[in-house]
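The values are calculated or read from the model by the stated rules, or taken from the named source; none is laboratory data. What you see is a predicted model, and the numbers here were worked out from it, not measured in a lab. No Cβ is skipped: glycine too gets one built from the backbone with ideal geometry, and neighbour counts run over all protein chains shown. Each accessible area value is taken on the protein alone, full model and side chains, heavy atoms only, with ligands, DNA and RNA left out. Shrake-Rupley method; radii C 1.70, N 1.55, O 1.52, S 1.80 Å.
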Amino acid sequence: MKKNLPPKTHYQRIENRISNGMCDTFLCHNGISVFIELKITKNNQVLLQNSQIAWNMSLFNAKGLSFFLVKHLVTLDLFLFEGCQAIELSEKGLLADCKLKTKNIKEIVSCVLRLDDRL
């Protein structure tokens, strides 16, 4: 993902053992701050910890912006879900309505950083 970010984007991988559930990636570009939880699956199931669901729902309730980015290891499709979909994603997996399905990481980056909204 990092090599597909626009110039002047702050990117931080978060390996956090203190705050359970916090997303593992943080991006900031032109004042838009976004947390992204990266997941992989071989089928439709997406494994989320209860702490990840709670953290994303709490951030959503505080008007924060987060996403789940799931890569299907068989098809190589990328599925983007909003953080507020954490419960639905946990229950339905890839059968939940996603915000974006693509094989193009640049489309994902554009969507999460809302680059198209500024044109």
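Screening Lys8, Lys42, Lys2 for residues that are closer than 13 Å to Ile108 by Cβ and open to solvent by 80 Å² or more (accessible area, probe 1.4 Å) leaves exactly one candidate, Lys2. Which members of region 79-104 meet the condition of being open to solvent by 20 Å² or more (accessible area, probe 1.4 Å), within 12 Å of the chain's Cα centre (by Cα) and among the aliphatic types (A, V, I, L, M)? Within region 79-104, Leu100 is the sole residue that qualifies. One residue alone among Leu47, Leu69 is farther than 15 Å from Ile105 by Cβ, at pLDDT 95 or above and within 15 Å of the chain's Cα centre (by Cα), and that residue is Leu47.
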